[in-house]
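Heads up: the structure comes next, in structure tokens.
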């Protein structure tokens, strides 16, 4: 009782202290209080972005799945050396790198398509047509690769739409092998990613074009510039900076093709030409042989990617005076 | 409006070359649009047409003998209803968590009084540019006992640096006076967050929500890597397994078929009909929400472009 009385007296006293005196103390604790509010989220970031980096030590061990890391042999750089010295490993890696380079280069080579798409769609003056085109062509971007594969399967498998149509018309007798063949795998992959991404890729450029001052075009028209001249001298130069950024990001992601697309389309027939680095890491790490080797490849890939990003950013700073990060 | 107003006086007449250009332009765009849209149409009309006609490849342009038996039968497949539940659950809970975290962090990082604010912000943003890789992530999830739990879909996706940047940029555009006035009126941090920051940034939060929801709905890789328990399969993953297991699918079909003693050819399930029906179930939510939220997608992309 006494205590509580005293306490209430104390708290009553502190209440009596003018607000001005309380403020400074309140402010210095305020900054920690604000920090404490975000601590839970910082912990999440630490757990799922920084802590996994510790997993890179698996690359230095001969890790066998159910064991603890301490029960496995420390092998130092064995896996990294194996990547470059073991002949079968080198051969396999070369095939994988060839696919990775092919897909990335094809991706870069087709990166101008969204620009063309935007420039020419901008020439379409019929509004409803333009809207329909934009809506329907961006749709594939929002479906998963699983579903793209499902579409591919329904249309192009040996019992799919194309084959039954051609057989009905008597053009072919045997079903064409499209998905389950090793031919034109790269072409198929780039076609699918174009199908999925072209309309969406163009949106950014379309928005860029919409932001161009119409007076520029009018002035050009008055000066007698035709359609091609307007495209060449106004539209293209003005969306080039955006294109440059996209291109640079493409270059920075040279080794990161992602695995979803290639994973869903892979089968025993096309494996030689579809296995890109990301898929390869999955295939050797998760479906069997070596978690440690897969980690080693992942580590190398990360270093190369970060280096590429730094280089690209440096180039961007030098040439445009602007970083892309 | 504006464009046409100005264009008309300038362009006198369309020359024949203009006509050729426009015709080609419209044709090419029309064709590409058809190529983008037709597969979805094909899936839908085949999933609602008689299965024997569909199997014979007769359904290419118009649905025939419309029936919805496929949809009823497909939900009898073991695993499908749970997969729908898992996918809907992760989409709703995941998107909600991401939106809340992005909103809160975005708001908090505008609080200049925060202790080492810039440092924490950088620590979060920089995670966009590296990742540990597949195997270390798998090991991490294992260490945290998240593999084979529903939460592996949700927790790692809560903090997304890109979304945090977007919301922060947006909150910074809200007039500071609004917050200051509230502070003078005695509004605490959370009051300012819930009463001012949240309602004022609904456009950007809608964008984040849509992006997060679509990403959750479409995600497939996390099931593949972290989940072995069939009860936790997402719809996308289930579709993938159905696509690849023609033989087991056939037996599945037979077992569901035998329930009805004499199965009607038109409504009897085939592996293809099951695949197409599930595909439609997977794509339908996207088809529905997409036109409504197209603007938001674009807005998010543009803010991203400015920042990116």
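What follows is calculated from the coordinates using simple rules that are stated; it is not laboratory data. All of these numbers come straight from a predicted model, not from anything done at the bench. Note that we place each Cβ from the backbone using ideal geometry, even for glycine, and neighbour counts take in every protein chain shown.
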Treat each spin label as a single point 7 Å out from the Cα along the C-beta direction, and report the residue A:171 to residue A:128 distance in nm.
3.3 nm
Run the quick spin-label model on residue A:109 and residue A:215: label points 7 Å from Cα toward the beta carbon, then report their separation in nm to one decimal.
4.4 nm
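Step by step: find N for chain A, compute 2.2 N^0.38 Å, then divide the Cα radius of gyration by it. What's the final number?
Details: Rg = 29.2 Å, N = 325, 2.2 N^0.38 = 19.8 Å.
That works out to 1.47 for chain A.
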For the range A:170-325, what's the relative contact order in percent, using C-alpha pairs closer than 8 Å and at least 6 residues apart?
25 percent
Sorted by average packing, counted as other Cβ atoms within 10 angstrom per residue and highest first, what order do A:272-278, A:122-128 take?
A:272-278, A:122-128
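Projected area of the protein assembly as shown, taken from the Cα convex hull and averaged over every viewing direction, in nm²?
On the way: hull surface 162.8 nm².
Averaged projected area of the protein assembly as shown's Cα convex hull equals 40.7 nm².
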How big is the range A:30-93 along each principal axis, measuring the range of its Cα positions in Å and listing the largest first?
61, 27, 17
Between the modelled labels at residue A:269 and residue A:57 (7 Å from Cα along Cα→Cβ) the distance in nm is 4.7 nm
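Give the average over all directions of the projected area of the C-alpha convex hull of the range B:47-187, one decimal, in nm². Please list the in-between numbers first.
Details: hull surface 62.7 nm².
So the Cα hull casts an average projection of 15.7 nm².
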Inter-chain shielding of A:150-160 (mean C-beta neighbours from other protein chains, 10 Å cut-off)
5
Against the empirical 2.2 N^0.38 Å scaling, what ratio does the C-alpha Rg of the range B:91-148 come to?
1.44
With n ≥ 4 as the cut-off for DSSP H runs, can you work out [θ] at 222 nm for chain A, using -39500 (n - 2.57) per run divided by the number of residues, rounded to the nearest 500?
-22000 deg cm²/dmol
Viscosity 1.002 mPa s, temperature 20 °C: give me the Stokes-Einstein translational D for the range A:120-160 in µm²/s, with Rh taken as the Kirkwood radius over C-alpha pairs.
176 µm²/s
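Quote the Stokes-Einstein diffusion coefficient, in whole µm² s⁻¹, for the range B:34-90, based on the Kirkwood radius over alpha carbon pairs, a temperature of 37 °C and a viscosity of 0.692 mPa s. Kindly include the intermediate steps, with their values, before the conclusion.
On the way: Rh = 12.8 Å.
Rounded to a whole number, D works out at 257 µm²/s.
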Under Stokes-Einstein, the range A:272-325 at 20 °C and 1.002 mPa s, with its Kirkwood radius over C-alpha pairs, diffuses with a coefficient in µm²/s of 166 µm²/s
Enter the mean number of other protein chain beta carbons within 10 Å of the beta carbon of each residue in A:284-294, as an integer.
2
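I'd like to compare A:220-228, B:136-144: which one has the highest average count of other Cβ atoms within 10 Å, and what's the full order after that? Display every interim value, and only then the final one.
On the way: A:220-228: 12.2, B:136-144: 19.8.
Highest to lowest by the protection proxy: B:136-144, A:220-228.
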Under the definition of partner shielding as Cβ atoms of other protein chains within 10 Å of a residue Cβ, what is the mean value for peptide B:121-129?
4
Report, in degrees rounded to the nearest 10, the 0 to 90 angle that the Cα long axis of helix A:127-138 makes with the longest principal axis of chain A.
80 degrees
State the extension gain, in nm to one decimal, for the chain segment bounded by residue B:68 and residue B:93, taking 0.36 nm per residue of separation less the distance between their alpha-carbons.
6.0 nm
Cβ crowding within 10 Å averaged over residues, with A:135-144, A:309-318 ranked highest first
A:135-144, A:309-318
